[in-house]
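Here's the structure we're looking at; comments come further down.
The values are calculated or read from the model by the stated rules, or taken from the named source; none is laboratory data. Predicted model only: the values in this text are computed from it and were never measured. With ideal geometry, Cβ positions are generated from the backbone for all residues, glycine too; neighbour counts draw on all protein chains shown.
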Amino acid sequence: MAIVLLLLSLGAAAAAVALWRAANNQEQPTSEREPKLEPQPEPQSEAQQEREVEPEAVPAPEPEPEPTAESAPEPEPEPEAEPEPAPAPAAEPEHHARLMLPGTLKRERRHWAEAKNFEFLKSDEYLEDEWFRGAASNGASPRDIVVGNVFGHEMLLMDLGGVNVMAMRTGSATEEVIDFRRRDAIEQESSEDLFEAFSHDDFIALATDTAVAQRMRDIRVNVALERMPHDVTGIWMESEWVLAQTTKNALSPVWEEMLAPLALLADAARTLPPRPSTAQELRVEEGDPTRPAPPAGPVELSGLPTIRTTTDHFEHPPVQRPEEPIELPTRAIDDSRGDFDDDDVAAYDIGADDVDAIGDQPADEEPPRTNDVRITRQQGTDASIFEDHTD
């Protein structure tokens, strides 16, 4: 039993040495490894082997060599903590005006007017007192005006006190005012006569009469507010106009997107209560030119005089019926009426004229082809045109 334990301990020691050598070989680079020849032990005789086996005391196993600094495995580097992402800068609102060169909007309006075949005006004195709300509340006169017709409405694109404004005429003037303001837009001064009526999408509707604004709201208003570009910061309805103001960086692509929604609002604005007729002013000077009015005085008739052929009094002739009724001719009796001369009778003899008989075919005419389309007359019954239906 002792021999078995001794052999097991020797085997364990040899295995530990082999593992230690293998670890040293892995730590050294391939180029630095040099084969070392270890002296092999001399073969021992059987007597010496028996002497080594005789003691019963089991020698303590050799302590495993402690790994040196060179052979010790390097500790794995700890993963570096990922730096926390820096807080994202506050998103700049889309309506924030970027730096633009002076005159850029004016040139853009002129080019857009040429591309759409619209008219471009530097100013218009008739529009100075047209609006009093929104961007027009500061009393600025419109400048750099584009005039055109879109979706059946007169359209204006202009500069009102440095604010880009697009307006469409509704065709029906009203005393009510409805103001749509975007929630995230720059704060705008509110009038004391405007009250919140409803809200939809990003807009809040303020009106002078909330009930009127709520009745005016329909699918056209909802679709127009949803499709309005985000560069539009405010919309208001005033008199016979619907106006929308944009940011300073809104150019022609934004103007194109504004046309259809603004036209829907212009159609919906016609449902607002009309302005009383007593307050409406007829501006004849703004209408189309007409012919000059005739001078005051009696009107003289021109042209041929009218000929009157009617008499003052008309008497109907007396109606007198005969005592005996008149006998009318009938087909039931063969009768000849009237006086005929002998010459007249000879002229009406059968065959005396040059008219061909019905149904006869001229000799110089080709016979009809059998495959032609012809209408077949039914000969089974007599003709009904000779019957007398008076009875």
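State yes or no: is Phe120 in contact with a helix residue (DSSP H, G or I) (Cβ under 8 Å, 6 or more places away or on another chain) and either among the hydroxyl-bearing types (Ser, Thr, Tyr) or surrounded by 15 or more Cβ atoms within 10 Å (Cβ to Cβ) (or both)? For Phe120, the condition - in contact with a helix residue (DSSP H, G or I) (Cβ under 8 Å, 6 or more places away or on another chain) and either among the hydroxyl-bearing types (Ser, Thr, Tyr) or surrounded by 15 or more Cβ atoms within 10 Å (Cβ to Cβ) (or both) - is met.
Out of the residues in segment 126-142 meeting the condition of being surrounded by fewer than 16 Cβ atoms within 10 Å (Cβ to Cβ) and touching an Asp or Glu at 6+ places or on another chain (Cβ under 8 Å), tell me which one is modelled with the lowest pLDDT. Here the answer is Ser137.
Only one entry of Asp184, Asp231 meets the criterion of being surrounded by fewer than 16 Cβ atoms within 10 Å (Cβ to Cβ), within 24 Å of Glu257 (Cα to Cα), charged (D, E, K, R) and in contact (Cβ under 8 Å) with a residue 24 or more places away in the chain, and that entry is Asp184. Scanning segment 195-211 for residues that are buried (at least 16 other Cβ atoms within 10 Å of the Cβ) and modelled with pLDDT under 90 returns a single hit, Asp202. Scanning segment 104-127 for residues that are assigned to a helix (DSSP H, G or I) and of a type in the set (A, V, I, L, M, F, W, C) turns up Leu105, Trp112, Ala113, Ala115, Leu127. Scan segment 123-135 and give yes if some residue there is in the same structural domain as Asp179 (by TED's automatic domain parsing) and under 28 Å from the mean Cα position of the chain (by Cα), otherwise no. Yes.
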